[in-house]
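Report on the following structure.
The values are calculated or read from the model by the stated rules, or taken from the named source; none is laboratory data. Remember, it's a predicted structure, so these values are computed and weren't measured experimentally. Cβ atoms come from the backbone with ideal geometry, glycine included; neighbour counts cover every protein chain shown. Heads up: the accessible areas ignore ligands, DNA and RNA and are worked out on the full protein's heavy atoms, side chains in. Shrake-Rupley method; radii C 1.70, N 1.55, O 1.52, S 1.80 Å.
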Amino acid sequence: MAFYDPELPGRAAVRGYLVTVEQFADVAAQEMYRPPGSDLDLIRVAAETGRATLGPGRYETLLRVGTRDGLPMLTFTAPHRASEVDWASPAPVYLGMLARGLREAHGWDVATITGYLAARPGVAGRWSRSQVRRLVAEESHR
């Protein structure tokens, strides 16, 4: 998932992975530029209460965004709102990774993925719809 603001209206298309608390902690530590193997207690707090903040930086806010099969679904994001973000254009490899995830997790076709990604902050106004479609089409053949 890219940046997530739980206060925005609507739903975000996501892809989930079933991981242990320790695996989630390692991925979160990498995103936060922290040493792995710490903050297990705060992950459990987020799973139980819905939110835990490790610090003010990027991806240091843990959120429970739902449950599936009785298990908490967690993500990490920044503590601020989407309206406060200075959006940057995603690199082609990153946008391609998002396109593959949408296809694999949701079974979306090229047109649906193109429409979804082209409307996202950071993409809209920086990538033309035809550029997004070309990238998504290339990714659909991999």
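Largest accessible area first, the residues 65, 132 order themselves as 65, 132 under a 1.4 Å probe with ligands, DNA and RNA left out. Taking amide H as placed 1.01 Å from N in the peptide plane, residue 73 has its amide H under 5 Å from the amide H of 65, 66, 67, 68, each at least 5 places away in sequence or on another chain.
Surface composition of the stretch 21-133: carbon and sulfur atoms hold 53% of the protein heavy-atom accessible area at a 1.4 Å probe.
Ranked by the mean number of other Cβ atoms within 10 Å of their residues, highest first, the peptides 43-53, 114-124 come out as 114-124, 43-53.
Rounded if a/c is under 1.5, else prolate if a/b is larger than b/c, else oblate: which is the stretch 59-134, with a ≥ b ≥ c the root eigenvalues of its Cα gyration tensor? Oblate shape, in that a/c is at least 1.5 and b/c is the bigger or equal ratio.
Averaging Cα coordinates gives a centre for the stretch 72-96 and one for the stretch 1-48; these two points are 13 Å apart.
What are the membrane-span-like helices in the chain by this rule: whole DSSP H runs, Cα extent along the axis at least 20 Å, mean Kyte-Doolittle hydropathy at least 0.0? Taking the DSSP H segments of the chain (at least 20 Å long, mean hydropathy at least 0.0), we get 92-106.
Surface exposure of the chain, expressed per residue as accessible area with a 1.4 Å probe, stands at 63 Å².
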